[in-house]
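This report concerns only the one structure given below.
The values are calculated or read from the model by the stated rules, or taken from the named source; none is laboratory data. A quick note: this is a predicted structure, and the numbers were derived from the prediction, not measured. Virtual Cβ from ideal backbone geometry, glycine too; neighbours counted across all protein chains shown. Remember, those area values only see protein heavy atoms, side chains included, never the ligands or the DNA or RNA. Shrake-Rupley method; radii C 1.70, N 1.55, O 1.52, S 1.80 Å.
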Amino acid sequence: MFTFLKIMSEDSDKDKQLINRIISDEYNSDEDPFNPFVAEDLEQCAFFTDSICDQLFPRTKQIVLSYNSGRWVPRLREPRNLYGISPAGHLSLIRWPHQCEVIRDRIEHIDWIPREPEPLYQPTGLELEPLYQYPREGTVVYLADEANEESCFVYSRVGGSYPSKQVIAQDWDNTLSFEARFESGNLQKVVKVSEFEYQLTLRTDLYTNRHTQWYYFRVTNTQAGMPYRFTIVNFTKPTSLYNHGMRPLLYSEVDAKIHRVGWQRTGDEIKYYKNNLGQDGHQYFSLTWTFQFPHDRDTCYFAHCYPYTYSNLQDYLAAISRDPVRSTFCKIRILCHSLARNIVYVLTITSPSESGKEAKRKAAVILTARVHPGETNSSWIMKGFLDYILGNSGDARLLRDTFVFKVVPMLNPDGVIVGNYRCSLVGQDLNRNYKSDLKESFPSVWYTRNMIRRVMEERDILLYCDLHGHSRKENVFMYGCDGGEQAEVPCLHQRIFPLMMSKNCPDKFSFPDCNFKVQKSKEGTGRVVMWKMGIRNSYTLEATFCGSKLGNREGTHFNIEDLESIGYHFCDALLDYCDPDKSKYYLCLKELEEMVKQQAKTNSENLNCDSDASVTDAILDKDSSTHVSDSSDSNDTAAHWLKPDTQGSVPGAEPGNNLQDPPPRDPSRAEGEEHRPVPVQASTSSSPEEAVSGTTITPSQDNYRVHQELLRRVAQNLGIQVEEISESSHARVDILAA
């Protein structure tokens, strides 16, 4: 015993220094890479972090000491802490770019659903178009420090920088006081033009000179009943949903406290128009609206869409981790750290399996959101999905029993925190960089792609879906992949899930707005990259910032409840898609085939009038509309969903048969026993690359025979009789509806 103590004391000081250094916070990978240059900042940050974390976070013991040959030998314990949230449910501290000034107020809003859907604004044609006023013509009442003074991200610090100055109105002054230096806030400058008129300038995405769409700011020193006008002057998109009746959002703290009323639509005389401001060859557009504050001396907020911050996500995940029931089937882990060292979370949701074989038989479903930080509606859809799948309903349990869900609820936490609209702190769109190998520049999408690859090695992936918001189109819709313009035989099966969504959600989801074309410019998006990796059902789900044009919801805004309901309906569509009773699946497929036949009949009439038209394009494309989509995923043209499938690509289908046979009935199941969904397996017979490798068909002398053969195959699949094509008019064909 004494020998043991003597040996331990001889090495205790040296080993203690070594071990403390290894397990210290400063030693791990969370250290900033520019330590020599920012020592002072990091010391302050470390002091703040340690003083808080020592009380809140139980440190993971990564070092295990083994006594061997007279010495204490340290070794690493595996695995390293993979939990995004501590067992006590505490959250990690938020890190900002070091130059960002951040007020210390924690901004919180209550959730509230209006009793009736809020109507869109109806233009009168008398809306004014205020001219841009240069600062010298008014009074600058708010000016945030130039966060874009540096050309690129350097390092981060917890909590950002303390604000050096604030523009505060005096008690005797009626000037509004503005603030946006809080999480997800965006406002650069405010000029007071007249007593009740203000001109606002938004901050571009950090380290860029573009992307102005998202706004979120606070206003104090209000006067009730006065006719205020706000005009935002530096939008860059030529069209906007504000010209379709969309209204800004207003939140009153007085209303929230007294009446329990949250975010509500506001604004009259709303107009989005091209203004007289032009710089460096760029044209800018203004949004103007009038309104009245509901209370004197109120604190109000304005936003482009319902805010959903990184802190909101952390609060939500912390509640799950503290729940003794939900935490058993929802595991929260760290996927990676962002550029600013904020955690990117990944959730694994499935019922615990008694055996490894049973677990491996489950197919996977992948969902991601907020790759574009300003598209907050995608987070509300994700919340609706998680609320449903983590619930106690029979359908939720059935989905957890059937699938393994991998969920990345916020791909771009840095952009969300600083109030960007589209980019990460690299100054680039992450949804154009899923093919990139630059792990350090695009960590969240790099690790997401690799995580999906590992999942594919273990199990089939039924579906991948990336959630987005859309700033130019109404309704909810999806983008998919079927090979686009290069594919000889586009497939209808990829359109079944979106069609089921439209059946389950007819007043919000529009199937005609869906698009399945794969454009070359979109090859770096998550949707296309996952499709090329072999996930046949690979989608982007787009939700408007505005409202619906469908059914009894026509002419109304979407609220938080509407957005969450899309997540519920997504789960319903999964149940329908994988129901062992394939009647719904077959009905949808039959409906798609009827759409194709009807469109082919219409196209045949058009072709008789235009012999120079491309027969293939006419049959395969619904229309050639040039509606521009600024989708976060795509700028594709209007929907091309009437495209035939001639390959019967679902495993087990007969050659030339479009219908998928139902899975064989389990002989061990008793008659009348409840069925469980059996996932439709992803096709393994051919890769997407093989599917798009067909010959490009044009009506020329060189490829006439190939063109003619393709027409025969397409027509045969549609049940259409095709007469012989004359060589003198290669593209002309008489198509008679079957």
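Working carefully through the options Asp507, Asp562, Asp513, Asp482, find the one that is in contact with a Leu (Cβ under 6 Å, 6 or more places away or on another chain) and acidic (Asp, Glu).
After ruling out the rest, the residue left standing is Asp507.
Quick one: would you say Val518 is assigned to a loop (DSSP other than H, G, I, E, B) and either polar (S, T, N, Q) or open to solvent by 10 Å² or more (accessible area, probe 1.4 Å) (or both)?
yes
Quick check on region 230-275: of everything there that is part of a strand (DSSP E or B) and basic (Lys, Arg), which residue is nearest to Gly555 (Cα to Cα)?
So the residue we want is Arg265.
His244 fails exactly one of the following numbered conditions: (1) open to solvent by 40 Å² or more (accessible area, probe 1.4 Å); (2) of a type outside the set (A, V, I, L, M, F, W, C); (3) within 28 Å of Leu386 (Cα to Cα). What is the number of that condition?
Here His244 clears every test but (3).
Where in region 360-439 are the helices (runs of 4 or more DSSP H), entirely inside, with at least 2 residues that are more than 30 Å from Val158 (Cα to Cα)?
It comes to 377-389, 394-402.
So, in region 115-128, of the ones that are touching a Gly at 6+ places or on another chain (Cβ under 9 Å) and of a type outside the set (Ser, Thr, Tyr), which residue ends up surrounded by the fewest Cβ atoms within 10 Å (Cβ to Cβ)?
Gln122
Say whether the condition of being at pLDDT 95 or above, of a type in the set (A, V, I, L, M, F, W, C) and either outside any helix (DSSP H, G or I) or open to solvent by 30 Å² or more (accessible area, probe 1.4 Å) (or both) is met by at least one residue in region 556-565.
yes
Sort out which residues of region 391-417 are aliphatic (A, V, I, L, M) and open to solvent by 10 Å² or more (accessible area, probe 1.4 Å), and write them in order of number.
Within region 391-417, Leu398, Val404 meet the criteria.
Looking at region 310-327, I want the residues that are under 17 Å from Gly391 (Cβ atoms) and have a partner that is assigned to a helix (DSSP H, G or I) and of a type in the set (A, V, I, L, M, F, W, C) with Cβ atoms under 6 Å, at least 6 apart or on another chain. Which pairs are those?
Arg326/Ile320
Mind checking whether some residue in region 493-507 is modelled with pLDDT of 90 or more, acidic (Asp, Glu) and either over 20 Å from Gln599 (Cβ atoms) or open to solvent by 10 Å² or more (accessible area, probe 1.4 Å) (or both)?
There is at least one residue in region 493-507 that is modelled with pLDDT of 90 or more, acidic (Asp, Glu) and either over 20 Å from Gln599 (Cβ atoms) or open to solvent by 10 Å² or more (accessible area, probe 1.4 Å) (or both).
Here are Asp395, Asp466, Asp387, Asp437: which of them is out of contact with any Ser or Thr (no Cβ under 8 Å at 6 or more places or on another chain), of a type in the set (Asp, Glu) and farther than 27 Å from Pro324 by Cα?
Testing whether each residue is out of contact with any Ser or Thr (no Cβ under 8 Å at 6 or more places or on another chain), of a type in the set (Asp, Glu) and farther than 27 Å from Pro324 by Cα leaves just Asp437.
Kindly provide the set of residues from region 294-349 that are among the hydroxyl-bearing types (Ser, Thr, Tyr) and either over 21 Å from the mean Cα position of the chain (by Cα) or assigned to a helix (DSSP H, G or I) (or both), ordered by number.
Within region 294-349, Thr299, Tyr301, Tyr310, Ser311, Tyr316, Ser321, Ser327, Thr328 meet the criteria.
Quick test of your reading of the structure: Arg527 fulfils all but one of (1) charged (D, E, K, R); (2) open to solvent by 10 Å² or more (accessible area, probe 1.4 Å); (3) under 26 Å from the mean Cα position of the chain (by Cα). Name the failing condition by number.
Of (1) charged (D, E, K, R); (2) open to solvent by 10 Å² or more (accessible area, probe 1.4 Å); (3) under 26 Å from the mean Cα position of the chain (by Cα), only one is false for Arg527: (2).
Look through Lys503, Lys532, Lys522, Lys517 and report the one residue that is in contact (Cβ under 8 Å) with a residue 40 or more places away in the chain and farther than 25 Å from Leu430 by Cβ.
Lys503
Touching a strand residue (DSSP E or B) at 6+ places or on another chain (Cβ under 9 Å), outside any helix (DSSP H, G or I) and of a type in the set (D, E, K, R) - does that describe any residue in region 276-293?
Among the residues of region 276-293, not one is touching a strand residue (DSSP E or B) at 6+ places or on another chain (Cβ under 9 Å), outside any helix (DSSP H, G or I) and of a type in the set (D, E, K, R), which makes the answer no.
Taking region 253-290 as the search range and keeping residues that are of a type in the set (Lys, Arg) and surrounded by fewer than 16 Cβ atoms within 10 Å (Cβ to Cβ), which one is nearest to Tyr228 (Cα to Cα)?
Checked region 253-290; the qualifying residue nearest to Tyr228 (Cα to Cα) is Lys274.
Just for region 188-229: of the residues that are in a strand (DSSP E or B) and among the aliphatic types (A, V, I, L, M), which one is surrounded by the most Cβ atoms within 10 Å (Cβ to Cβ)?
Val190
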